[in-house]
Amino acid sequence: MSKDKVYVFDTTLRDGEQVPGCQLNTKEKIEIALDLESLGVDIIEAGFPISSPGDFNSVSEISKVVKKPIICALSRAVISDIDMVSLALKNAKRKRIHTGIGSSDIHIKHKFNSTREKILEQAIAAVKYSKKFFEDVEFYPEDAGRADQDFLCKMVEEVIKAGATVINIADTTGYNLPEMYGKKIKYLMNNVPNIDKAIISVHCHNDLGLATANSIAGLQNGARQFEATINGIGERAGNTSLEEVVMALKSHPDLNLDTNIDSKKIVPISKKVSRLMNMPIQRNKAIVGANAFAHSSGIHQDGFLKNRDNYEIINPEDVGLKASSIDLTARSGRAALKHRLELLGFSFSKVELETIYINFIEMADEKKLLHDEDLYELMKKYK
């Protein structure tokens, strides 16, 4: 069975950059955009042009140098915003506008002080106006995760009629559970008459730690684009992690969903984004965290050394790492210690190993994590 193509929409430079203290200058944005192009993303959301002259300039400059991916920029459902996106993307080889408005009753009442009818009119007008400048129009019904299903269906149907080519079902507040979000996508697929005229995209936030799970649930139920950031960086608790969804799809070929991502480039771009955005990666972060392919407990180390598949579902080389690591701590066993010492060129009998191990545990209790230089010190008395 041939696999369905899943489009990867990266919003590191827009949604990811909204984190306080993570702002990038134009040169840094171009550097990351070029790396995203090399990674194989299909769409790069380069910024929100009307938000500042600096962001306008960054979007404009990125659109001049990045050629393969679609360059996208955000707008509200406001004419002046759309005009600004049109100007910022005038040099893009392939371009898309990302426009939208709130769809939940909470947003309609408390953010816009409006009605469903007026919001729907504004949404349709924004898409129609956008079509004057763009063939490719992505529409986001903001806070779709909490919107009334039937009103959401009506909005999606009408904006597709107006010319929208992609519909972004945004779980803006990260409220949905995977089953809820999957059902929402399926309901749209089954109840919007012209849904086949557009690609459904999933855009999830991580407020409950479910952004990746929700994105996959959406893809399983008919969405064919997901929106994400490198390292899951983003406002509040962050966005969907691009690397997590990509490797989840790769680890589950039975889903018959595939991307164009060159996964071996994941770790290098992850480190660059972390460095340039001054946003450390938590050690236990899936795929790219320092502990993602590290083994420290004796039982795990022994099993891993016997066969990597005992404790790893992903080959570290597939994401750009050279190898997994065996971390030597007071929880490590004899197998791990023996393995590391032999790599360092030491030889010893089984009886000698017992004595070495006792001294190793004493040192590990004191130092927490032992490095090669510690092992050289440990072995001085056994030369």
> Restricting the first residue to segment 259-282 and requiring it to be without any contact (Cβ under 8 Å) to a residue 24 or more places away in the chain, which pairs with a second residue that is part of a loop (DSSP other than H, G, I, E, B) meet a Cβ separation below 7 Å and a spacing of at least six or different chains?
Replying inline: GLN282/GLY289
> Restricting the search to segment 32-44, which residues are closer than 18 Å to MET277 by Cβ and not in a helix (DSSP H, G or I)?
Replying inline: VAL41, ILE44
> Out of all the residues in segment 296-312, is one or more hydroxyl-bearing (Ser, Thr, Tyr), surrounded by 19 or more Cβ atoms within 10 Å (Cβ to Cβ) and touching a helix residue (DSSP H, G or I) at 6+ places or on another chain (Cβ under 7 Å)?
Replying inline: no
> What residue, of GLY182, GLY163, is out of contact with any Ser or Thr (no Cβ under 6 Å at 6 or more places or on another chain) and at positive phi?
Replying inline: GLY163
> Mind checking which residues of segment 126-151 are within 16 Å of VAL78 (Cβ to Cβ), surrounded by fewer than 24 Cβ atoms within 10 Å (Cβ to Cβ) and in contact (Cβ under 8 Å) with a residue 60 or more places away in the chain?
Replying inline: none
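Can you confirm whether GLU235 is assigned to a loop (DSSP other than H, G, I, E, B), under 20 Å from ASN168 (Cα atoms) and of a type in the set (D, E, K, R)?
Numbers: assigned to a loop (DSSP other than H, G, I, E, B): yes; under 20 Å from ASN168 (Cα atoms): yes; of a type in the set (D, E, K, R): yes.
Yes: the conditions hold for GLU235.
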> Considering segment 1-31 alone, what residues qualify as being assigned to a loop (DSSP other than H, G, I, E, B), among the basic types (Lys, Arg) and out of contact with any His (no Cβ under 9 Å at 6 or more places or on another chain)?
Replying inline: LYS3
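Pick out the one residue from LYS67, LYS154 that is in contact with a helix residue (DSSP H, G or I) (Cβ under 9 Å, 6 or more places away or on another chain), assigned by TED's automatic domain parsing to the domain that holds ILE199, outside any helix (DSSP H, G or I) and surrounded by fewer than 24 Cβ atoms within 10 Å (Cβ to Cβ). Quick ask: steps written out before the conclusion?
Values: LYS154 fails: outside any helix (DSSP H, G or I).
Result: LYS67 is the single residue among LYS67, LYS154 that is in contact with a helix residue (DSSP H, G or I) (Cβ under 9 Å, 6 or more places away or on another chain), assigned by TED's automatic domain parsing to the domain that holds ILE199, outside any helix (DSSP H, G or I) and surrounded by fewer than 24 Cβ atoms within 10 Å (Cβ to Cβ).
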>> Just to be sure before I move on: is GLU61 without any contact (Cβ under 8 Å) to a residue 24 or more places away in the chain and in a helix (DSSP H, G or I) in the structure I sent?
In response: no
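Go through segment 253-276 residue by residue and tally those that are of a type outside the set (D, E, K, R) and either crowded, with 20+ Cβ neighbours inside 10 Å or under 20 Å from GLY234 (Cβ atoms) (or both). Break it down stepwise before answering.
Narrowing segment 253-276 to residues of a type outside the set (D, E, K, R): 253, 255-257, 259-261, 263, 266-270, 273-274, 276.
Restricting the remaining residues to those that are either crowded, with 20+ Cβ neighbours inside 10 Å or under 20 Å from GLY234 (Cβ atoms) (or both) gives 257, 259, 261, 263, 266-267, 269-270, 273-274, 276.
Qualifying residue count for the region: 11.
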> Given the conditions (1) of a type outside the set (S, T, N, Q); (2) touching a Leu at 6+ places or on another chain (Cβ under 8 Å); (3) surrounded by fewer than 22 Cβ atoms within 10 Å (Cβ to Cβ), which single one is not true for LYS250?
Replying inline: (2)
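Closer than 30 Å to GLU244 by Cα and among the hydrophobic types (A, V, I, L, M, F, W, C): which single residue out of ALA330, ALA336, ALA364 fits that description?
On the way: ALA330 fails: closer than 30 Å to GLU244 by Cα; ALA364 fails: closer than 30 Å to GLU244 by Cα.
One residue alone meets the criteria, ALA336.
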> (1) buried (at least 16 other Cβ atoms within 10 Å of the Cβ); (2) within 30 Å of GLY40 (Cα to Cα); (3) at pLDDT 90 or above: which one isn't true of ARG334, the others all being true?
Replying inline: (2)
>> Just the residues that are within 14 Å of PHE48 (Cα to Cα) and of a type in the set (D, E, K, R), please, taken from segment 11-35.
In response: ARG14, ASP15, GLU17, LYS29
>> Filter segment 263-320 down to the residues that are hydroxyl-bearing (Ser, Thr, Tyr) and more than 23 Å from HIS339 (Cβ to Cβ) and list them by number.
In response: SER263, SER270, SER274
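Among the helices (runs of 4 or more DSSP H) lying completely within segment 298-376, list those that include at least 3 residues that are β-branched (Val, Ile, Thr) and either more than 25 Å from SER270 (Cβ to Cβ) or assigned by TED's automatic domain parsing to the domain that holds SER270 (or both).
Values: elements: 298-306, 334-343, 350-367.
The qualifying helices (runs of 4 or more DSSP H) are 350-367.
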> Quick check: anything in segment 45-53 of a type in the set (D, E, K, R), in contact with a Ser or Thr (Cβ under 9 Å, 6 or more places away or on another chain), surrounded by 20 or more Cβ atoms within 10 Å (Cβ to Cβ) and not in a helix (DSSP H, G or I)?
Replying inline: yes
> In this structure, is GLY289 touching a Lys or Arg at 6+ places or on another chain (Cβ under 8 Å) and at pLDDT 95 or above?
Replying inline: no
>> Against the condition over 29 Å from GLN23 (Cβ atoms), modelled with pLDDT of 95 or more and among the small types (Gly, Ala, Ser), how does ALA170 come out, does it pass?
In response: no
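Restricting to segment 189-215, name every residue that is assigned to a loop (DSSP other than H, G, I, E, B), touching a helix residue (DSSP H, G or I) at 6+ places or on another chain (Cβ under 8 Å) and small (Gly, Ala, Ser). Spell out the reasoning first.
As a first pass, look at segment 189-215 and keep what is assigned to a loop (DSSP other than H, G, I, E, B): 192-194, 198, 206-210.
Those still in the list that are touching a helix residue (DSSP H, G or I) at 6+ places or on another chain (Cβ under 8 Å) too: 192-194, 198, 206, 210.
Listed by number, the list holds a single entry, ALA198.
The values are calculated or read from the model by the stated rules, or taken from the named source; none is laboratory data. Here the structure is a predicted model, which is why all the values come from computation and not from measurement. Here Cβ is always computed from backbone atoms with ideal geometry, including for glycine, and neighbour counts include all displayed protein chains.
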